[in-house]
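Notes to accompany the following structure.
The values are calculated or read from the model by the stated rules, or taken from the named source; none is laboratory data. What you are looking at is a predicted structure, and each value in this text was computed from that prediction instead of being measured. FYI the Cβ positions are ideal-geometry reconstructions off the backbone, even for glycines, and counts take in every protein chain you see. With ligands, DNA and RNA removed, areas are computed over all heavy atoms of the protein, side chains included. Shrake-Rupley method; radii C 1.70, N 1.55, O 1.52, S 1.80 Å.
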Amino acid sequence: MDEAPCSSSARSITKGKSSIDLNIGITLLNDDLLHNIFTRLPALPFASASCVNKSWNSICSRIISLPKLSSALSLNPLLREAVKEVVNKVLSEPIRPHFAIVNVGCGFDTNKILCLIKRKLGFNVPIIVTVNNGIIGRDALTDEFKEVKWGARFSGIGDDEYARHINEGIVLTIGYLPGLKVEAIPLLRPPKTSQELCVDSFVMDIKEYSASVSGRQFPAGVILFGEARTDMKLVLEKLDYAMPIDTVIVGDERGCSVFRCGNDSRNARCSKGFIEAVALVFAQDRARSSGNIRFHVAFSNGVSPVGGKYKAASVRTNSADYSTWLTAKREGHQERLDGETILHDINTLLENHIEPPELYIGVTKNRKVSIGAEKPMPRTCIAYHGVVGSDEEYLYVDGMGIKTGDIFQFYHSDPNAALASLTEVRDSLNNIKLERSSTSFKGDGDNATNVFGGILFACYGRGDSFFGRPNADSSPFLENFPGVPLAGIFCCGEMVRPCTTLIGQSPDVKPISCFLHVYSSVYLVMSYDPPSVGH
């Protein structure tokens, strides 16, 4: 009995000595070994390690000195489990999230997902959650790359079962972009306010944010998500007018979304009106300029023209179903044609197609655009409108904004044109890869231009059923940059603004601007140029 206190004291001394020995052992580890250990840590333990002391923080800062994109996909039907799978995967390596994009099926509760994600990533990280027609990415559990369209995935099952399973899927993308500041900025429309005034304010918000963090009024890039009831053509026309040609703008026309800004005051203002769109804005960070992050854009076209050009002779609009009723004249002729005659002529030209393609009219619009009290300036663009039908009087198309005298041409969905376009995209992306052997930087090729991630916006009409093979839209990126994260969505209206970094376009041809596309795929490719050796 007398020996018990001694035994207890001995154990305490031994435990204390072991703790001291462990601390001494850790401090004796050299920087190279610590670097090797830290690179294997998940994001949260890595963040904790960076707070231990100045030496460890310095090592951690070197590990994540380069930009990084991380993404993961889950088809788990249980919301919490699906979120857990993708969060665990994207945070399995060191990263400090600057933004998050979450894409889901329409059955998942977006507000619950937003709440779960912000608890894991932090309340100051801008997060956008969108509902889409399909998701693209690498499975968090199997590491298999997948392009998943909800309807295609569950084809052949009953309506009731389809309704129960349509919600299965989420893809999470987070990014760390040193040298850039990122914020979610909403297009807010208070009651009884015209859309034009709200869009002007939205554009000014983007410019003011960029100026506040970079000293430049114009951001490097914008990823835009619109709502189904919003006229995104007007939004894109004004953004195109206000931004320089090197500002990249891509996105989804109808990605119904919830979001959280990094700035709490901006979150508070969002309760004062209807959210018509959300922009994820990337602006240069004036406090950090080491290296250069670049946004490249590639575009795959999936439609071909058919027939001659027409001139709108009469135009009626139906605001109830957001459609337009047209009569037209063939260009150079005076005879006014009804919708049935026009559509019969086009269908005759397409009669050799095994399956009837989707039809659109591409309308060339000459309009004047301005921001606020500025003098309106002329702009020309092409806008696509889906053909709904015809009768002995009118041609019916979706959307509005067509005027009498506008010139239009018919286009049809064309998998052969899309496949040829994908080949051009593959070659264009290969040119970015070849920049890695640039002589502008000393050292091996990996020290030159490095592609570190990509985001894909593909039309819902594409995919397996359109091409006859899986992962066709993803293949140009995956083949050029194996192992580099790629995530994306299937959407209804792919947005891309012609810009200086739009690759794969002939430099000798200056195409008329088109912002909203059909049957296309838009690739946002992110690369990093390290500083030159002399800096």
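Read through the list (1) open to solvent by 10 Å² or more (accessible area, probe 1.4 Å); (2) part of a strand (DSSP E or B); (3) of a type in the set (A, V, I, L, M), then give the number of the only condition that V250 fails.
(1)
Based on what the data block shows, is K233 open to solvent by 40 Å² or more (accessible area, probe 1.4 Å), in a helix (DSSP H, G or I) and on the phi < 0 side of the Ramachandran plot?
Considered against the rule, which asks whether it is open to solvent by 40 Å² or more (accessible area, probe 1.4 Å), in a helix (DSSP H, G or I) and on the phi < 0 side of the Ramachandran plot, K233 comes out as yes.
Out of curiosity, is L326 at negative phi, assigned to a helix (DSSP H, G or I) and touching a strand residue (DSSP E or B) at 6+ places or on another chain (Cβ under 7 Å)?
no
Looking at the range 413-432, can you tell me whether even one residue there is in a strand (DSSP E or B), among the β-branched types (V, I, T) and in contact (Cβ under 8 Å) with a residue 12 or more places away in the chain?
no
Can you name the residue in the range 387-419 that is of a type in the set (D, E, K, R) and open to solvent by less than 50 Å² (accessible area, probe 1.4 Å) and is also nearest to G302 (Cα to Cα) among such residues?
Filtering first and then ranking leaves D414.
Could you pull out the residue among P178, P244, P191 that is at pLDDT below 95, open to solvent by 50 Å² or more (accessible area, probe 1.4 Å), part of a loop (DSSP other than H, G, I, E, B) and not aliphatic (A, V, I, L, M)?
Every option except P191 fails the conditions.
Where the second residue is open to solvent by 60 Å² or more (accessible area, probe 1.4 Å) and assigned to a loop (DSSP other than H, G, I, E, B) and the first is within 15 Å of I95 (Cα to Cα) and lies in the range 48-59, which pairs have Cβ atoms under 8 Å and are six or more apart or on separate chains?
Here the result reads N57/C51, each pair linking the range 48-59 to a residue that is open to solvent by 60 Å² or more (accessible area, probe 1.4 Å) and assigned to a loop (DSSP other than H, G, I, E, B).
Residue under question is A47, and the condition is that it be within 29 Å of the chain's Cα centre (by Cα) and at pLDDT below 75; does it hold?
So A47 does not fit the description; no.
List every residue pair whose Cβ atoms lie under 7 Å apart, where the two residues are 6 or more positions apart in sequence or sit on different chains, the first residue falls within the range 128-152 and is farther than 25 Å from L224 by Cβ and in a strand (DSSP E or B), and the second residue, located anywhere, is of a type in the set (A, V, I, L, M, F, W, C) and open to solvent by 10 Å² or more (accessible area, probe 1.4 Å).
F145/L478
Hey, N352 hits all of (1) farther than 30 Å from P530 by Cα; (2) not in a loop (DSSP other than H, G, I, E, B) but one; which does it fall short on?
So N352 meets the others, but not (2).
Any idea how many residues of the range 85-124 are in a loop (DSSP other than H, G, I, E, B), in contact with a strand residue (DSSP E or B) (Cβ under 6 Å, 6 or more places away or on another chain) and open to solvent by less than 20 Å² (accessible area, probe 1.4 Å)?
1
P219 passes all but one of (1) crowded, with 18+ Cβ neighbours inside 10 Å; (2) not in a loop (DSSP other than H, G, I, E, B); which number fails?
Only one criterion is unmet by P219, namely (2).
Which residues, counting only those in the range 31-60, are open to solvent by less than 60 Å² (accessible area, probe 1.4 Å) and either among the basic types (K, R) or outside any helix (DSSP H, G or I) (or both)?
Within the range 31-60, T39, L41, P42, S50 meet the criteria.
So if I check each of A277, A313, A283, A298, which one is in a strand (DSSP E or B), in contact (Cβ under 8 Å) with a residue 60 or more places away in the chain and under 14 Å from L188 (Cα atoms)?
Just one listed residue meets the conditions, A277.
Suppose we keep only residues that are under 16 Å from Q409 (Cβ atoms) and in contact (Cβ under 8 Å) with a residue 60 or more places away in the chain within the range 363-386. Which one would you say is most open to solvent (accessible area, probe 1.4 Å)?
Within the range 363-386, the match that is most open to solvent (accessible area, probe 1.4 Å) is T380.
Each row is one residue, and each column tells you yes or no for (1) open to solvent by 10 Å² or more (accessible area, probe 1.4 Å); (2) assigned to a helix (DSSP H, G or I); (3) at pLDDT below 95; (4) touching an Asp or Glu at 6+ places or on another chain (Cβ under 6 Å).
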position	(1), (2), (3), (4)
G443	yes, no, yes, no
G453	no, no, no, no
F457	no, no, no, yes
D473	no, no, no, no
P476	no, yes, no, no
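Among the residues of the range 332-350, are any out of contact with any Ser or Thr (no Cβ under 7 Å at 6 or more places or on another chain), among the small types (G, A, S) and surrounded by fewer than 17 Cβ atoms within 10 Å (Cβ to Cβ)?
Scanning the range 332-350 turns up at least one residue that is out of contact with any Ser or Thr (no Cβ under 7 Å at 6 or more places or on another chain), among the small types (G, A, S) and surrounded by fewer than 17 Cβ atoms within 10 Å (Cβ to Cβ).
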